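Undergrad: This structure is in C-alpha cells; I'll ask about it shortly.
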Amino acid sequence: MSERNAVSTLIIDDEPLARAGLRHLLQAIDWIRCVGEAADGQTAIESIQRLQPELVLLDVQMPGCSGIDVLRRLPPPAPRIIFTTAYAEHAVAAFELGALDYLLKPFGAARLAAALDRVRASLGEPLPSTLDRYGEMLANGPMQRLFVRSGRSIQPLAIADIHWFEAVGDYVVAHTQNGEHILHLALSRLEARLDPQGFARIHRAHLINLSHLARFRRELDGRLIAMLHSGVELPVSKSKAQVFRDLAR
C-alpha cells in the first residue's frame with residue numbers, strides 16, 4: 001500500500017487505553033495511516049493544524065476543551081471528523097458541525113468499519129448505496145482519490161495516477177499504469193466530482209487526465225485523436241473536437 005494514497009488519520013482521546021484500542025483496530029485497515037495522537041483539546045487543535053490529517057477520530061470529553069469545542073475552533077477547511085464518546089447527548093451538536101459519524105463507546109471493529117465506510121464515501125469511493133449519496137452531499141471540492149476493490153480488499157487510488165476513464169456499459173474503467181479498475185457509476189457522475197482543470201471529457205465514453213496527455217493529432221479525414229504519454233490513442237468526438245482543434249498538430 002502506497003503511503004501517498006493512505007488516508008492520514010489522527011487519534012484524539014484523553015484515555016491511553018482508548019487510544020491504544022483505536023490504534024489496534026486501525027492497524028487492520030490498510031488504507032488508513034495513523035500520523036499521530038493527542039490527549040487534550042488544545043493539543044488536538046495544534047496537532048490538527050500541524051499534521052493536516054484527512055481524518056480525525058475525536059473524543060468529546062477531554063481536558064482543556066471538549067471535542068465539540070475543538071471542531072468549532074478549527075479554521076476551514078476542517079478534516080473529516082468521527083466523534084468517539086461514552087455520552088450520546090452531544091450527537092446532535094456533532095452532526096450539526098459536520099461530523100461524519102458518532103461512535104458510542106464501547107464500540108468494536110464492525111461499528112468502526114461502518115463509520116469508515118462513510119469516510120470512504122466522502123472521499124470518493126463509488127458505492128451503489130445511500131453511502132454514495134451521503135458522500136456526494138459531503139463532497140467538498142474535487143476529490144483527490146477513489147477507493148477501488150482489489151481482490152477482497154478496498155484500496156485507495158490517487159486521482160493523479162489515473163490516465164483516463166472509459167465508460168463501458170453501466171460501469172466505468174479507470175486506466176492506470178499498473179492496470180484497470182472497475183467503478184460502478186456513470187461517467188457523467190464521476191466527471192462532476194473531478195477537477196475540470198485537470199480532466200477533460202473528449203468523448204461520450206472517454207474522460208482523460210490532462211497531465212497524461214501528450215498531444216492531439218489531426219487525421220487527414222478531419223478526425224481528432226488524443227495521444228497519451230502511455231501510447232494510448234483515443235478518439236475525440238465531433239461535438240468535442242472544436243474545443244481542442246486549435247491544440248492539434
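Undergrad: Multiply the residue gap between S237 and Q52 by 0.36 nm, knock off their C-alpha separation, and tell me the result in nm, one decimal place.
TA: Working: separation 185, 0.36 × 185 = 66.60 nm, distance 4.15 nm.
Stretched out fully, the S237 to Q52 stretch lengthens by 62.4 nm.
Undergrad: On alpha-carbon atoms, Rg over Rh for region 7-123 using Kirkwood Rh?
TA: 0.91
Undergrad: Next question, about the same structure. Going by how many other Cβ atoms sit within 10 Å of their own, how do L210, L103, L146 line up, fewest first?
TA: On the way: L210 12, L103 19, L146 26.
Fewest-to-most Cβ neighbours within 10 Å comes out as L210, L103, L146.
Undergrad: Can you sort I48, I159 by how many other beta carbons sit within 10 Å, fewest first? Walk me through the numbers on the way to the answer.
TA: On the way: I48 24, I159 18.
Result, fewest neighbours first: I159, I48.
Undergrad: Fewest first, what order do K240, K105 take by the number of other Cβ atoms within 10 Å? Before the final figure, lay out each step's value.
TA: Details: K240 18, K105 14.
Starting with the residue having the fewest Cβ neighbours, the order is K105, K240.
No lab work stands behind these numbers, since they all come straight from the coordinates. Owing to the predicted nature of the structure, the values given are computational and were not obtained by experimental measurement. Every residue, glycine as well, gets a Cβ built from its backbone with ideal geometry; the counts of neighbours run over all protein chains shown.
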